[in-house]
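Trainee: Below you will find the structure I want to go over with you.
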Amino acid sequence: LFRRVMACGRRSGGSKRQVILFILCVCVCQSGAETLRYSLAEEVGRDSFVANIANDLGVPPSQLTARKARVVSEGNEQLFRLNQNTGVLTAKESLDREEICPQSDTCTLLFKIFLENPLQLIRGEVEVRDVNDNSPVFPEKEMVLEVLETASPGSRFPLESAQDKDVGSNGLQNYSLGYNSHFSLALGTGKDGVKYVELVLERQLDREEQRELNLLLTATDGGSPPRSGTAQVRILVLDANDNIPVFGRELYEVRLAENSPREQLVVRVTAADPDEGSNGKVRYAFTQTSERSRQLFELNPATGEIRVAGNLDFEEAKNHKMVVRATDGGGLSAHCKVQVEVLDLNDNAPEITLTSLTASIPEDAPPSTVVALFSVWDRDAGDNGRTECAIDGGLPFRLTPTFENYYELRTNTALDRERTADYNITIAAMDWGKTRLSSQESIFVQVSDVNDNPPEFTQEIYTMSVTENNSPMVRIGSVNATDADTGKNARINYALVRQEGMEQTKVSINSENGDVYILCTLDYEEVRAFEVMVRAADGGSPSLS
């Protein structure tokens, strides 16, 4: 029917389309100017008010909601909750300072506020203030001292110190002794700041006059009102023994790897006593030693050997201090100190914490678009706690360190959904220990479609025929176009293009499937051939055709 093929062209209302590409630069803003600092008393109820973040940042609560503000605590346990509608930061549960920060004078909890659009991070810290909720407690309710009747006035006898889990003025402040005619108390503070107490003999003892004394020792803290704990001090008066045990060293220093096996020998302390018989036989015992150290180490009372009894963990405590008392059969005693330094082993793998994730990225996102923000933390120290991160090669993404231990996952090149619709990205974190430990975290990212592909006909020219004297609305064929996009961007609508000299009135087309119909009866002698032009347009915005 056609002797000559005419080229098809596209028009769009006589005007050229201009595509303006806006590049959205997403960056993580670090509020380095200052840190939000708050304080909260321990043991307050759950959901207790900490601060109004919106007021302190000078922004309305609606902005916190719009920017999806959230709070992330340092470490694994999330201790705070942020109400986006009011900007109020509250404690999720009642905080026990002694449980969160054991053996620490200060207790500061770190958190970060994350805002999106743009992504922003603000540091914060909450100081958990101590309240006087613990009384001083002695390791034993009764202490037994054996004192020679020949002991000179002024002689001193160390007593077990009380332990108070509270700190500062709420901690242990003073000792007092019940009235007696032989002893007084001497208080002191060691180089490590721990208060100790000693009995001072004021008047010489006489075993024939009194064989035993019972004294009440009271430890008092500085709270308001103060709390106290008591212990009985039982004094056994002994016959003369003129030599006390003598340790070979005043201080034993030992370095020991964490996770050392139970029963491993730590050190052997030795005290010599030149007396004979029971007066020269020495027995060893811990004194002025914390309960935790007594759980981790055991002392052989006969040999002076100290062995591992529990699980040593560098991350829990880096050193342990103990005092060993050597007592001979006559009741005379001497003391030495043992200091154990715990050496770090690489026994903790890095921990990856995902802070922010954009699960879907448009395929026209510019290179360097931020996809995710995450942190890597290793509880070990030194090279054992030093980490590095990597992702699978061959992916259009890269990792960018930001600050401290945070990383950004960014696009590295332009994305094409028609080539790859989604990515499963594996982040691997590895430490620098001698035996390197690692962990992985998988991130699934979908590439969302952008209308960047116009429909394409399977043929440039479709030739169809019909017999004259046909019935109206006869289907004579169909045209077909495909679109590489998806969803509404790939939904195609067919329509005739009105052009001068073309017989659009004789033909109709189904807008959905491209079927072509003859609208009227044709006469071969009147018209033998004619042509029409069809446009296929997708459902994108703007539409491509």
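The values are calculated or read from the model by the stated rules, or taken from the named source; none is laboratory data. Keep in mind it's a predicted model, so treat the numbers as computed, not measured. All Cβ positions, glycine included, derive from the backbone under ideal geometry; neighbour counts span all protein chains shown. We work out accessible area using only protein heavy atoms, side chains counted, and drop any ligands, DNA or RNA first. Shrake-Rupley method; radii C 1.70, N 1.55, O 1.52, S 1.80 Å.
Trainee: Can you tell me which lysines have their Cα less than 24 Å from the Cα of LYS68? Leave out same-chain residues fewer than eight positions away.
Mentor: Answer for LYS68, where 24 Å is the Cα cut-off: LYS92, LYS112, listed by chain and number.
Trainee: Give the span of region 452-544's Cα atoms along each principal axis, as three whole-Å numbers ordered largest to smallest.
Mentor: Cα spread of region 452-544 along its principal axes, largest to smallest: 47, 24, 19 Å.
Trainee: At 1.4 Å probe radius, can you tell me the per residue accessible area of region 391-545 in Å²?
Mentor: 58
Trainee: While we're here: Given a Förster distance of 41 Å, report the FRET efficiency between ARG37 and LEU185 from their Cβ-Cβ distance, rounded to the nearest 0.05.
Mentor: 0.50
Trainee: Leaving out ligands and nucleic acids, note down the accessible area per residue over region 44-158 with a 1.4 angstrom probe, in whole Å².
Mentor: Normalised by residue count, the accessible surface of region 44-158 is 50 Å².
Trainee: For a quick check of understanding: with a 1.4 angstrom probe and all protein chains in place, what accessible area in square angstrom does LEU57 have, to the nearest ten?
Mentor: Accessible area, nearest 10 Å²: 50 Å².
Trainee: For a paramagnetic label modelled at 7 Å from the Cα of LEU343 toward its Cβ, which residues of region 413-439 fall within the zone defined by backbone nitrogen distances under 11 Å?
Mentor: none
Trainee: Give me D for region 192-299 in µm² s⁻¹, whole number, from Stokes-Einstein with Rh from the Kirkwood sum over alpha-carbon pairs, 4 °C and 1.567 mPa s.
Mentor: 71
Trainee: Based on Cβ point charges of +1 for Lys and Arg and -1 for Asp and Glu, what charge dipole magnitude is obtained for the chain about its Cα centre, in debye rounded to the nearest 20?
Mentor: 1720
Trainee: A further question on this structure: Of all the Cα-Cα pairs you can form in the chain, what percent are over 36 Å apart?
Mentor: 61
Trainee: Related question: With all distinct Cα pairs included, what does the Kirkwood hydrodynamic radius of region 337-453 come out to in Å, to one decimal, could you say?
Mentor: 15.8
Trainee: A further question follows. Given labels modelled 7 Å from the Cα in the Cβ direction, how far is it in nm from ARG207 to ALA302?
Mentor: Taking the simple label geometry, ARG207 and ALA302 are separated by 2.6 nm.
Trainee: For the chain, build the charge dipole from Cβ charges (+1 Lys, Arg; -1 Asp, Glu) around the Cα centre, then report which of GLN288, MET430, PHE157 sits farthest towards its positive end.
Mentor: Of the listed residues, the answer is MET430.
Trainee: Continuing with the same structure: Determine the sum of side-chain charges near GLY514: Lys and Arg each +1, Asp and Glu each -1, restricted to other residues whose C-beta is under 12 angstrom from that of GLY514.
Mentor: Summing Lys/Arg as +1 and Asp/Glu as -1 gives 0.
Trainee: At a Förster distance of 25 Å, what's the computed FRET efficiency of SER438 paired with PHE403, Cβ-Cβ distance as r, to 0.05?
Mentor: 0.65
Trainee: Tell me the mean residue ellipticity at 222 nm calculated for the chain from its helices only (DSSP H runs of n ≥ 4, each -39500 (n - 2.57), averaged over every residue, nearest 500).
Mentor: -1000 deg cm²/dmol
Trainee: Taking N as the number of residues in region 36-129, what value does Rg over Cα atoms divided by 2.2 N^0.38 Å take?
Mentor: My calculation over the Cα atoms of region 36-129 gives 1.07.
Trainee: If each residue of separation counts as 0.36 nm, what is the full-extension length gain between ALA495 and ASN259 once their alpha-carbon separation is subtracted?
Mentor: That pair, ALA495 and ASN259, stretches by 77.2 nm at full extension.
Trainee: Let me ask something else. Just want to confirm a number: the relative contact order over the chain, from Cα pairs under 8 angstrom separated by 6+ residues, in percent.
Mentor: Relative CO of the chain lands at 9 percent.
Trainee: Once you put a point 7 Å from the Cα of GLU198 and another 7 Å from the Cα of ASP105, both along the Cβ direction, what distance in nm separates them?
Mentor: 2.4
Trainee: For an R0 of 56 angstrom, estimate the FRET efficiency from the Cβ-Cβ distance between GLU93 and SER508 and round to the nearest 0.05.
Mentor: Result of the calculation: an efficiency of 0.20.
Trainee: As an exercise, find the ratio Rg/Rh for region 246-343 from alpha-carbon atoms, using the Kirkwood inverse-distance average for Rh.
Mentor: 1.01
Trainee: Using Cα positions and a limit of under 12 Å, work out the aspartates and glutamates in reach of LYS318, with same-chain residues fewer than 8 apart set aside.
Mentor: LYS318 reaches GLU258, GLU341, ASP344, ASP380.
Trainee: Taking a cut-off of 24 Å between Cα atoms, list the lysines near LYS281, but don't count ones fewer than 8 places away on the same chain.
Mentor: Filter leaves LYS337.
Trainee: Please report, as a whole percent, how much of the solvent-accessible surface of the chain comes from carbon and sulfur atoms (probe radius 1.4 Å).
Mentor: 46
Trainee: First obtain the Kirkwood hydrodynamic radius of region 129-226 from its Cα pairs, then insert it into the Stokes-Einstein equation at 25 °C and 0.890 mPa s, and state the resulting D in µm² per second as a whole number.
Mentor: 166
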